[in-house]
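Notes follow once the structure below has been shown.
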Amino acid sequence: MSASGGTKAIVAALAANLAIAVAKFVAFLFSGSSSMLAESVHSLADSGNQGLLLVGGKKAQREATPQHPFGYGRERYIYAFLVSIILFSVGGMFALYEGYEKIKHPHEIDHWYWPVGVLVFAIIAETFSFRTAIKESNQLRGKKSWKEFVRHAKAPELPVVLLEDLGALVGLILALVGVSLALATGDGVWDGIGTLCIGVLLILIAVILAIETKSLLLGEAAGVEEVRKIEAAMVDGDTVTRIIHMRTLHLGPDELLVAAKVAVRHDDTATEIAAAIDAAESRIREAVPIARVIYLEPDIYSEAEAAKGPDREASPGGPAPHPTGH
């Protein structure tokens with residue numbers, strides 16, 4: 001996995017979550033707190049999340065094959081989608097079930113110092129993990145807001161870890177509030193309410209991640225800045241005079257496909273056109289290194305054809321032919 005995959009943040013989150021999961025489960029055994037049980041499952045789910053992200057990053061490094069000629073870069077999107085759909089949802093649904101059971105059959109929390117101590121330890125550990133994820137993300141975020149970074153990041157690992165850690169911190173605070181109110185009032189219902197809140201939080205994060213990773217799986221174009229650099233590099237003003245139309249597609253977080261029809265002069269020879277296209281490809285790769293798969297088609301620019309607008313039926317996702325053939 002490339003540095004942009006946030007491997008350091010994933011490993012930090014994995015180590016923190018494994019330690020926290022063990023501590024929470026021990027606290028549950030001694031106290032009987034449903035919030036602690038829900039948080040134990042939450043931390044185990046988070047550990048599984050990081051494991052899947054690491055597996056996806058490893059599988060994405062495989063070389064292209066005749067069956068998969070564009071490689072396996074999208075493996076990272078698939079495993080991030082599995083994280084959002086399966087593990088977050090499992091953790092969220094379990095928390096909802098456990099919270100309902102605790103509200104329906106409340107009981108006092110035993111040995112209060114176990115859940116309180118473990119929650120304080122977990123908050124400290126998750127803060128360290130969250131800080132690492134923020135530091136790694138800032139290297140890529142630039143001037144984007146956090147919302148824009150999560151929505152438009154092409155590498156799914158860092159947004160997943162960021163939302164994971166944020167959800168974990170908020171969940172720990174909810175658990176601590178629920179346990180504290182249960183201890184203060186002697187009513188175990190508050191522990192169940194805290195558990196329900198944790199479940200709602202996890203499912204909300206799962207929905208957000210599913211929406212974002214679904215967009216990546218469907219195939220996203222290059223960012224605005226990358227498109228600008230590609231367009232500037234492609235046209236030399238001599239042989240390649242303009243771009244007739246262009247499309248880009250992320251084959252993975254670190255690999256971009258560029259396909260374009262470019263205008264050349266009508267009196268250029270085939271040798272001159274071939275050399276110009278080779279030069280344009282070289283300029284594009286220098287300007288945007290992740291543009292590794294480039295297809296340029298030469299054509300003669302026509303004002304009349306351009307005035308008709310883009311040919312939707314020749315485009316991916318264009319309208320289906322009319323049943324009558326018209």
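For this structure, a couple of remarks:
- Within-9-Å neighbourhood charge of Arg265 [Cβ basis; K, R +1; D, E -1]: -4
- Accessible surface of Trp146 - all protein chains present, 1.4 Å probe, nearest 10 Å²: 100
- Under 5 Å between amide hydrogens, built in the peptide plane, is the criterion, and for Ile244 it picks out Lys261, Val262, Ala263 among residues at least 5 positions away or on other chains.
- Gaussian network model of the chain, Cα within-10 Å springs - most flexible of Leu196, Leu183, Leu162: Leu183
- Of the DSSP H helices in the chain, those whose Cα atoms cover at least 20 Å axially and whose Kyte score averages -1.0 or more: 7-31, 34-59, 88-104, 113-141, 157-185, 189-218, 270-287
- Taking amide hydrogens as placed 1.01 Å from N in the peptide plane, the amide H of Arg292 sits under 5 Å from those of Leu256, each at least 5 positions away in sequence or on another chain.
- Probe 1.4 Å, protein heavy atoms only - accessible area per residue of segment 99-216 in square angstrom: 49
- Once divided by 2.2 N^0.38 Å, the Cα radius of gyration of the chain becomes 1.31.
- Share of pairwise Cα separations in segment 140-220, more than 16 Å, in percent: 59
- Summing charges over neighbours of Leu119, with a neighbour being any other residue whose Cβ is under 13 Å away from its Cβ, gives -2 when K and R count +1 and D and E count -1.
- Members of Lys24/Lys214; Lys8/Lys59; Lys59/Lys214; Lys8/Lys154; Lys8/Lys135 lying beyond 21 Å, as alpha-carbon distances in this model show: Lys24/Lys214
- Qualifying aspartates and glutamates (Cα of each under 16 Å from Cα of Lys102; at least 8 residues distant if same chain): Glu39, Asp110, Asp187, Asp191
- Rounded to the nearest 500, the helix-only mean residue ellipticity at 222 nm of the chain stands at -21500 deg cm²/dmol, with each DSSP H run of n ≥ 4 adding -39,500 (n - 2.57).
The values are calculated or read from the model by the stated rules, or taken from the named source; none is laboratory data. On a predicted model such as this, the values are computed, not experimentally measured, just so you know. Positions of Cβ are backbone-derived with ideal geometry, glycine not excepted, and every protein chain shown enters the neighbour counts. The accessibility values were calculated without ligands, DNA or RNA, using every heavy atom of the protein model including side chains. Shrake-Rupley method; radii C 1.70, N 1.55, O 1.52, S 1.80 Å.
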